[in-house]
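The values are calculated or read from the model by the stated rules, or taken from the named source; none is laboratory data. Computed from a predicted model, the values in this text were never measured in an experiment. Virtual Cβ from ideal backbone geometry, glycine too; neighbours counted across all protein chains shown. Just so you know, the surface numbers come from the protein's heavy atoms only, side chains and all, with ligands and any DNA or RNA stripped out. Shrake-Rupley method; radii C 1.70, N 1.55, O 1.52, S 1.80 Å.
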Amino acid sequence: MLNLSDVKLAVIGLGYVGLPLAVEFGKHRPVVGFDINAKRVAELQSGQDHTLEVTPEELATANQLHYSCSLSDIATCGVFIVTVPTPIDQANRPDLTPLVKASETVGKVLKKGDVVIYESTVYPGCTEEVCVPVLEKASGLKFNVDFFCGYSPERINPGDKVNTLTTIKKITSGSTPAVADAVDALYGQIIKAGTWKASSVKVAEAAKVIENSQRDLNIAFVNELSVIFDRLGIDTLEVLEAAGSKWNFLPFRPGMVGGHCIGVDPYYLTHKAEEAGYHPQVILAGRRINDNMARYAARNVIKRMLKNGIDVARSTVGVMGITFKENCPDIRNSKVADLVKELQNWGVNVVVADPWADAAEVQHEYGIALGTISPAQPVDSLVVAVGHNEYRHLTPAELAACIKPGVLGVLADVKSLYNRHDLTATGFDVFRF
């Protein structure tokens, strides 16, 4: 039986997924946390994590974890866990470049008996059809003879301090039955919630990619309901709360679907489906709805501003929040950026503020300079786009103080944080999904 209990481990990629994994394993065994970004490695060596997924205290507990961007430091490892991003390109096609490059890196140091485990979200078959040939070419070794593979999809939820790595059941798999057992036992060392050993690598890949596709479709359904109910003059949240009084009604809320998972993963599944000769109907319909919600929100703000006599081309709209979710600095695939762009297309001066986001990162990624929204710098209308605690606790009067005197401002409460009737009583023209 293959035993990985004492093998030195390397985690390739130290982002939102890789760092918590490296830290947890680093409490129990020798681990090299590898990243090609020298600045990121230096940051972690100093005991800091700008993603806020791991605290300095937690970093200090991983006393067997060593950070490096040097290939020689992972050459002595026997298990390699790849946790690099798997984004999509401008045409919504899978961009496997980071995955391929990471596989090439691992292949350069791969030895007989080594195991490579992938955690990056991919389509069913990607590990064995794309990654394995890269490993074979770079190493000169033969798959399932000289080296082996596993797949254990990440289930990290950025910003969530309750459902963390060790408290979420982990799917595992291996390229042979013996490897599957060994990979399962390896993760069993750190996952308190237990593991679920899939029958094959491909099954594990498919299980991951449908998790977020399912959420995407459920959100698309309530997003479409919100469009319908707005035309009927019904508040969507009130409808959902009433329907939620039934025990088996699923509590999904409308919103802009961004981030690196829900808004991306379905395209990996549809890509593979189309390769297999099937054009998905439901999944792509859900994607179209969700991808359009930022534009829908912006246009509703514009429509209400015009109705209220605001000169849109000379107006300023404050957008509160740019990260893809609340209480988290992650700005990847933020749909708020699409909302800002749509407002700018109408000639609006947009001021974006966010207490969680890194200003340099936002500027680099979206070309948006973060500013300030306050009574000292009032705007014509407000969009509360992200449910950060700093915004959630604002009163209607505090929000109204940020609107120019004498203006019937629009408040787009995208996340339904506030009491709609209180906002209206304060003088806002309220829009929300």
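For the stretch 174-227, filtered to residues that are of a type in the set (Asp, Glu) and at pLDDT 95 or above, the residue that is farthest from residue 78 (Cα to Cα) is 224.
Residue 147 passes every criterion in (1) surrounded by 22 or more Cβ atoms within 10 Å (Cβ to Cβ); (2) out of contact with any Leu (no Cβ under 6 Å at 6 or more places or on another chain); (3) free of Cβ contacts under 8 Å to residues at least 60 places away in the same chain; (4) more than 27 Å from residue 276 (Cα to Cα) apart from (2). Condition check for residue 183 on (1) under 20 Å from residue 324 (Cβ atoms); (2) hydrophobic (A, V, I, L, M, F, W, C); (3) crowded, with 23+ Cβ neighbours inside 10 Å: one failure, at (1).
Screening residue 260 against (1) free of Cβ contacts under 8 Å to residues at least 12 places away in the same chain; (2) not in a helix (DSSP H, G or I) leaves a single unmet condition, (1). Of everything listed in (1) assigned to a helix (DSSP H, G or I); (2) within 25 Å of residue 170 (Cβ to Cβ), the single unmet condition for residue 231 is (2).
Counting only helices (runs of 4 or more DSSP H) that sit wholly inside the stretch 2-90, those with at least 2 residues that are open to solvent by 60 Å² or more (accessible area, probe 1.4 Å) are 38-45, 56-61. The residues in the stretch 190-225 that are under 27 Å from residue 28 (Cβ atoms), open to solvent by 20 Å² or more (accessible area, probe 1.4 Å) and touching a Phe, Trp or Tyr at 6+ places or on another chain (Cβ under 8 Å) can be counted, and the count is 1. Within the stretch 330-340, the set of residues being within 11 Å of the chain's Cα centre (by Cα) and buried (at least 22 other Cβ atoms within 10 Å of the Cβ) comprises 330, 331, 334. Looking across the stretch 110-133, the residues that are open to solvent by 20 Å² or more (accessible area, probe 1.4 Å) and either of a type outside the set (Asp, Glu) or closer than 21 Å to residue 260 by Cβ (or both) come down to 111, 112, 113, 124, 130, 133. Having 2 or more residues that are more than 29 Å from the chain's Cα centre (by Cα) is the bar; report the helices (runs of 4 or more DSSP H) wholly within the stretch 360-430 that clear it. Counting at least 2 such residues, we get 396-400, 420-426. What do you reckon, is residue 103 open to solvent by less than 20 Å² (accessible area, probe 1.4 Å), assigned to a helix (DSSP H, G or I) and either of a type outside the set (A, V, I, L, M, F, W, C) or within 17 Å of residue 174 (Cβ to Cβ) (or both)? So residue 103 fits the description; yes.
Going by what's in this entry, would residue 191 be described as in contact (Cβ under 8 Å) with a residue 12 or more places away in the chain, of a type in the set (Val, Ile, Thr), within 22 Å of residue 122 (Cβ to Cβ) and in contact with a Ser or Thr (Cβ under 7 Å, 6 or more places away or on another chain)? Judged against the criteria, residue 191 is a match.
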